[in-house]
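So the structure is just underneath, and the comments pick up after that.
Any read-out appearing in this document is the output of simple, stated calculations on the displayed coordinates, not a laboratory observation. This one's a predicted model, so the numbers in the text were calculated from it and none came from an experiment. In this analysis, Cβ positions are derived from the backbone assuming ideal geometry, glycine residues included, and neighbour counts consider all displayed protein chains.
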Amino acid sequence: MTTDTLAAYSLLMAYSAIAVYAIAFVMYVLDLSRRTGSIPVAEASARAAVPAATTARAGGGTALLERVGSVTTRIAEGQAKSVNKATRFQRTAFALMIIAWVVHVGAVVLRGIAADRGPWANMYEFSLTGTAIIVGIFIVVNLWRDVKFLGAYITGFVVLMLGLAATNFYVAVAPTSPPLQSYWLYIHISVAMLATGFYAVGGGLAIVQLLQQAREKGRLTRGRFLATFPSSATLEAMSSRLIIVGFAFWTFTLMAGAIWAYHAWGRYWGWDTKEVWTFIVWVIFAGYIHARATRGWRGTRSAWLAIIGLAAVLFNFTIVNLFFHGLHAYSGLSTM
Amino acid sequence: MSRSDLSRSDSDAPTSFGARPDGHAEAPEPAPGIQQPRLGPVGWLRFLWRQLTSMRTALILLLLLALAAVPGSLVPQRTSDPNGVIQFQQQNPDGYKILDALGVFSTFASPWFSAIYLLLFVSLVGCIIPRTRHHLQALVAKPPRTPARLERLIGYTEATTAVDAPTAVAEGRRVLRRLGYRVENYPLPGGGDSVSAERGYLRETGNLIFHVALVGILLTVGVFGGFGYTGQRILVQDSTFTNVGSDYDSFIPGRFSSVDDLQPYQMRLESFRPTYAFNQTTGTWDPEDYVTRLSTRTPGGGWTKQELKINAPITVGGTQIYLLGNGYAPILTIRDSHGTVVKNEPTPFLAQDANLTSNGVLKVADGLTDSTGKPTQIGIQGFFRPTPPAGKDQILSAAPQLSPKADVFLSVYIGDLGLGGGTPQNVYTLDVAKLKLAAGRDPATSKTVGGGPIDLVRGQTATLPDGLGTITFSGIRRYVSLDIHHDPTPLPALVFALLVLGGLLLSLFVPRRRMWITAVTGEDGTRLRYAGLARGEDANLEAAVAEVAARHRAALGDPGDPDGPDDPRTPIPRM
Ligand code: HEM
């Protein structure tokens with residue numbers, strides 16, 4: 001098969017994946033709306049657990065009491081979970097998501113074969129591969145903890161991103177320019193995408209955490225499905241765990257990028273636009289980790305930092321790639 | 001750190017892990033009133049120092065650092081994009097003045113950016129030193145005393161056994177040691193025995209390595225960087241470069257280096273062969289690969305052939321050589337009115353677009369006389385196209401490859417080149433102040449003068465105006481532009497970066513735990529109690545306590561818990 005046929009099949013698979021993701025998205029949303037109707041028991045048990053947890057927190061000047069609090073909430077959450085089994089919608093949505101993901105990975109592989117290199121040399125390929133990695137990480141995280149309630153957020157994001165990429169960023173397979181030919185680039189970009197996946201899931205949890213906090217404090221009356229979600233303390237613990245893994249990958253991304261820049265341009269750091277944003281993202285998440293260890297900054301403030309960090313990651317990928325000049329300008333679009 | 005500081009961070013308390021900076025979520029809350037300095041200047045200084053080295057300040061400075069870097073990405077920077085800065089100035093002169101006064105075009109060297117990161121690093125050093133000292137003490141200290149109220153800790157489990165307390169504790173000690181814990185026995189005040197265990201000192205070690213290595217990177221770049229230098233040179237095929245200051249087109253020494261540090265070596269460009277691929281989407285030719293062959297020679301040695309790849313520099317004589325760009329250097333042979341060759345060498349033309357439409361300048365200061373016999377200088381402004389376009393109305397080169405029809409357009413200026421003034425001149429620009437256009441198109445009026453520009457393809461000759469002689473487009477060479485530099489920082493920077501990464505991984509993923517087993521012999525056997533404590537978040541602590549309990553019971557030969565090993569009978573902790 002020729003390069004062009006392979007690329008065409010790859011695009012077709014990408015469109016199919018988008019369609020299935022879109023159905024999964026609808027199912028996830030239906031699941032959330034379903035939860036609103038079937039929560040009395042879960043609601044009651046979560047309610048009962050919450051005051052205990054918050055008391056422990058409020059009194060928790062010492063590390064000790066805080067720990068006890070988190071154990072309590074974990075137990076309370078266990079009760080809530082056992083009451084609220086996954087709905088049929090959610091199970092269907094997750095299954096559809098896995099099917100879409102397999103097709104999606106197929107599109108990535110075909111594109112790679114068509115181009116005869118890693119499929120991440122321009123905006124389209126980066127979106128295609130990056131979203132596949134985000135979904136992959138979401139699926140893997142679900143083996144560790146059940147975070148399927150984030151499904152609507154993940155599929156919504158992927159449909160948007162992949163749809164935009166296929167319709168607006170699509171470019172034919174082209175050889176990479178000489179500076180982009182290096183295995184450090186492969187390492188740099190693939191690890192950056194891994195980090196982005198962890199940031200995306202961790203950031204999603206931080207968003208839910210903020211909503212959950214508002215609900216626990218009685219400031220949020222809508223969105224009753226939140227009652228079926230884990231407590232904000234549990235959400236925060238999961239979120240920070242994932243973001244810390246993302247941060248480790250991002251640190252490596254920064255270093256691999258510097259090594260690549262050194263090979264390609266003779267300097268490992270030159271404050272190029274893309275380098276500046278990679279640095280900004282790194283510093284924000286270092287700030288996040290510090291915030292988690294600083295009195296008065298756990299909870300709401302650190303969650304906001306996680307969200308700001310994720311926003312910076314997305315800004316770095318979209319706006320910076322499309323509208324900024326710099327050595328890394330590799331969107332592959334001629335409008336640049 | 002004074003004795004009282006140490007006790008403030010209560011290193012002896014079993015439920016606290018070592019020194020934490022002020023404001024750390026796990027540091028003891030300051031007693032009310034302690035924050036108010038009621039002292040003289042020394043007290044104030046101490047107060048300020050403690051503020052600067054607190055967790056909160058570190059966090060605020062980190063966030064400020066991220067924020068301060070943003071303008072540096074929105075506005076072109078002098079160091080990475082000098083042309084962008086000039087463009088900005090032309091398009092937006094008023095905005096330029098304000099932003100320039102604020103130093104935004106050199107954000108990363110600006111006083112405000114420097115102030116933030118210097119404060120951050122002072123804070124960092126002030127934070128590392130006491131923690132390092134404290135950690136060194138912790139490394140040789142014994143695990144802390146067994147807390148009295150074990151049931152308030154994580155994973156609290158009870159069990160009974162038939163063996164006596166000292167035997168049970170001795171066995172527990174063995175189990176914990178095998179799991180990598182450091183152990184210490186403590187008799188319980190009310191009778192009975194206990195073992196206290198701790199593991200994961202590498203967590204704090206890693207954290208300290210991480211932060212120290214950050215300082216290392218800053219010092220490497222800030223201090224070592226000054227010993228480097230960087231220069232550029234355009235090298236035409238078959239010509240030779242010698243690594244001395246005068247042979248560079250431009251040379252920038254570092255703070256602590258000069259041209260005297262250069263090691264003399266020679267380098268010759270043997271050939272440069274690019275390959276291009278046609279991009280269907282954009283309709284342009286994209287470079288696919290560059291094959292650059294160089295020969296180098298160090299003093300006393302012979303020529304050795306080397307290949308320069310775009311991602312793989314050549315290292316020679318303490319410098320590294322990178323390929324920056326490439327282009328064409330037409331050979332324009334100038335003869336005087338008697339046919340004597342006055343100039344005959346390749347002139348590098350600078351590429352203006354991806355298809356290598358190029359501009360170049362040729363200056364002839366000596367050897368030409370006009371029709372009256374008066375010595376005259378000429379300057380030639382040239383325009384070169386490797387592949388002339390098919391359409392007559394198109395101007396720019398249609399492809400970057402060299403075609404047989406490659407042509408030059410030359411505008412000839414006569415008069416004074418202005419070389420005598422002593423001011424160094426850029427070889428790529430022509431100062432037309434004292435020159436008169438004799439043949440070509442006047443850039444100001446667009447009128448053609450003297451029959452218009454001289455248009456030549458390879459092998460063709462034309463006469464110069466004013467009976468000066470002739471000009472022949474006699475050949476063409478490729479050239480490469482090279483970045484030649486000496487930078488002593490990459491190796492130490494890499495070492496520190498690896499320490500940063502290694503320290504980070506240790507500090508994020510090694511759990512630091514304390515574990516206790518107590519044994520009290522009573523009427524109906526010995527009562528065992530297990531519990532643990534972790535530093536930072538540790539989702540697996542309960543499981544770890546359960547594992548210790550299970551292994552211990554197995555080692556004592558006790559049957560498993562009636563509820564099975566899966567359920568370590570974690571009671572709901574009392575509030
Ligand atoms: C140069 C700026 C800094 C950066 C980029 C940075 C980054 C980090 C990162 C990524 C971590 C988490 C990994 C680890 O535990 O090793 C961390 C932890 C930590 N940092 Fe920093 N840091 C900086 C400055 C500081 C300063 C000035 C202090 C002292 C006030 C400090 C105190 C700490 C402490 C105590 C922890 C452990 C947090 C915990 O207990 O979980 N850091 N830092």
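If R₀ is 45 angstrom, what is the calculated FRET efficiency for the pair B:VAL495 and A:ALA19, using the beta carbon separation as r and rounding to 0.05?
Computed FRET efficiency for B:VAL495 and A:ALA19 comes out at 0.35.
Could you work out how far apart the two model spin labels at B:SER257 and B:LEU396 are, taking each label as a point 7 Å from the Cα in the direction of the beta carbon, and quote it in nm?
3.7 nm
Between B:ALA115 and A:ASN168, what is the spin-label point distance in nm, taking each point 7 Å from the Cα along the Cα→C-beta axis?
Placing both labels 7 Å along Cα→Cβ, they lie 3.9 nm apart.
Could you please rank B:LEU505, B:LEU435, placing first whichever residue has the fewest other Cβ atoms within 10 Å of its Cβ?
With the fewest neighbours first, B:LEU505, B:LEU435 line up as B:LEU505, B:LEU435.
Suppose the chain between B:TRP49 and B:THR242 were pulled fully straight at 0.36 nm per residue; how much longer would it get relative to their current alpha carbon spacing?
64.1 nm
Hey, fewest Cβ within 10 Å first, where do A:ARG267, B:ARG255 land in order?
Least to most surrounded, the residues fall as B:ARG255, A:ARG267.
Can you give me the relative contact order of segment B:229-486 as a percent, contacts being Cα pairs under 8 Å and 6 or more apart?
21 percent
Only Cα pairs under 8 Å and at least 6 apart count here; give the relative contact order of chain B as a rounded whole percent.
Relative CO of chain B lands at 17 percent.
May I ask you to list the lysines whose Cα is less than 30 Å away from that of B:LYS374, ignoring any residue fewer than eight positions away on the same chain?
Excluding near neighbours in sequence, the set is B:LYS343, B:LYS363, B:LYS434, B:LYS436, B:LYS447.
Could you size up the charge dipole of the protein assembly as shown around its Cα centre, putting +1 on the beta carbon of Lys and Arg and -1 on that of Asp and Glu, and report it in debye to the nearest 20?
2200 debye
Could you work out how much longer the chain between B:LYS305 and B:ILE98 gets when fully extended? Use 0.36 nm per residue separation minus the Cα distance between them, nm to one decimal.
69.3 nm is the gain from fully extending B:LYS305 to B:ILE98.
From the backbone phi of segment B:173-186, what are the Karplus-calculated ³J(HN,Hα) couplings (6.51 cos²θ - 1.76 cosθ + 1.60, θ = phi - 60°) in whole Hz, Gly and Pro given as x?
Working through the residues one at a time gives 4, 5, 4, 5, 4, 5, 7, x, 8, 8, 10, 8, 8, 9 Hz.
Compute the long axis of helix B:490-509 from its Cα atoms, compare it with the longest principal axis of the Cα atoms of chain B, and write down the angle in degrees, 0 to 90, nearest 10.
Tilt of helix B:490-509: around 30 degrees.
What list do you get for B:ASP286, A:ASP31 if you sort them by fewest beta carbons within 10 Å?
B:ASP286, A:ASP31
To make sure I understand the rule: partners must be lysines, Cα under 17 Å from the Cα of B:LYS405, and not fewer than 8 residues away in the same chain. Which ones qualify?
B:LYS392
What whole-number value in cubic angstrom gives the convex hull volume per residue for the C-alpha atoms of segment B:41-137?
It comes to 114 Å³ per residue, whole-number rounded.
Under a plain spin-label model, where a point goes 7 Å from the Cα along Cα-to-Cβ, how far apart in nm are B:ALA354 and B:VAL70?
3.3 nm
To the nearest 0.05, how large is the calculated FRET efficiency for B:ASP286 and B:LYS447 if R₀ is 51 Å and r is the Cβ-Cβ distance?
Rounded to the nearest 0.05, the efficiency is 0.85.
How high is the relative contact order of segment B:41-137, in percent, counting Cα pairs under 8 Å that sit 6 or more residues apart?
36 percent
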